[in-house]
Amino acid sequence: MRMKSHQVATGAAVAILAGVLHAAPFAYVANERSGNISVIDVATDTVAAIFPAGKRPRGMAASLDGKTLYVSDQPANALQLVDVTARKVTGKIDLGESPEGVYRSPDGKLLAIAVEEDNSVHFIDAASGKRVFQVKTEGENPEHAVFSRDGKWVYVSAEESEVVDVIDVAARKVLTTIKVG
């Protein structure tokens with residue numbers, strides 16, 4: 001089955017080189033409206049599988065080894081842990097109301113999740129699944145919280161503000177707020 005452009009646009013895609021699981025690399029697409037994840041074989045541009053992942057999967061990141069997907073689920077106010085091999089949810093981490101973007105640090109140790117309603121970014125230890133800390137943002141309704149290449153900073157865009165907050169990960173606080181218009 002060939003993927004239609006509107007299906008891809010409904011969620012965020014995470015490409016994983018899944019050589020340990022299958023011969024071809026795969027992209028994982030969170031389908032927010034249908035509550036599932038599509039597995040796309042990028043070599044053939046076909047849907048290899050579809051499996052459930054909460055009620056409204058939104059943001060998504062993969063573990064460094066490619067075995068786990070971390071998927072924000074807005075109605076559950078949680079981060080779903082998805083086993084890629086079993087293609088099922090195996091656990092969850094409670095977050096604040098309306099989690100959005102999920103990003104993994106370059107070293108794979110931390111996850112940053114933008115949580116809209118409490119205007120914060122939650123930092124989760126990827127190995128233990130425990131919340132390490134949370135940082136309130138200046139911008140309202142954070143959408144994305146992207147790590148710098150060295151993992152020292154997290155850049156947070158805000159849906160209802162014209163700013164990007166820069167979080168100092170080591171200091172666990174907003175270092176500066178940049179007006180972006």
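Per-structure values
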| item | result |
| --- | --- |
| Residue match in the range 74-91 (condition: closer than 28 Å to residue 151 by Cα, open to solvent by less than 30 Å² (accessible area, probe 1.4 Å), without any contact (Cβ under 8 Å) to a residue 60 or more places away in the chain and among the charged types (D, E, K, R)) | no |
| From the options 37, 113, residue that is closer than 24 Å to residue 156 by Cα and touching a Pro at 6+ places or on another chain (Cβ under 8 Å) | 113 |
| Test for residue 14: is it at pLDDT 90 or above and either aliphatic (A, V, I, L, M) or in a loop (DSSP other than H, G, I, E, B) (or both) | no |
| Strands (runs of 3 or more DSSP E) wholly inside the range 126-181 that include at least 1 residues being open to solvent by 30 Å² or more (accessible area, probe 1.4 Å) and free of Cβ contacts under 8 Å to residues at least 40 places away in the same chain | 131-136, 153-158, 163-168, 173-179 |
| The range 111-125: number of residues that are crowded, with 16+ Cβ neighbours inside 10 Å and part of a strand (DSSP E or B) | 10 |
| Residues within the range 24-66 that are buried (at least 20 other Cβ atoms within 10 Å of the Cβ), outside any strand (DSSP E or B) and touching an Asp or Glu at 6+ places or on another chain (Cβ under 6 Å), tallied | 1 |
| Residue selected from the range 92-110 under the condition in a strand (DSSP E or B) and among the basic types (Lys, Arg), by the criterion surrounded by the most Cβ atoms within 10 Å (Cβ to Cβ) | 104 |
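The values are calculated or read from the model by the stated rules, or taken from the named source; none is laboratory data. Computed from a prediction, not measured in an experiment: that's the story for all the values here. Every residue, glycine among them, receives a Cβ derived from its backbone with ideal geometry; neighbour counts consider all protein chains shown. Heavy atoms of the whole protein, side chains included, go into the accessibility calculation; ligands, DNA and RNA do not. Shrake-Rupley method; radii C 1.70, N 1.55, O 1.52, S 1.80 Å.
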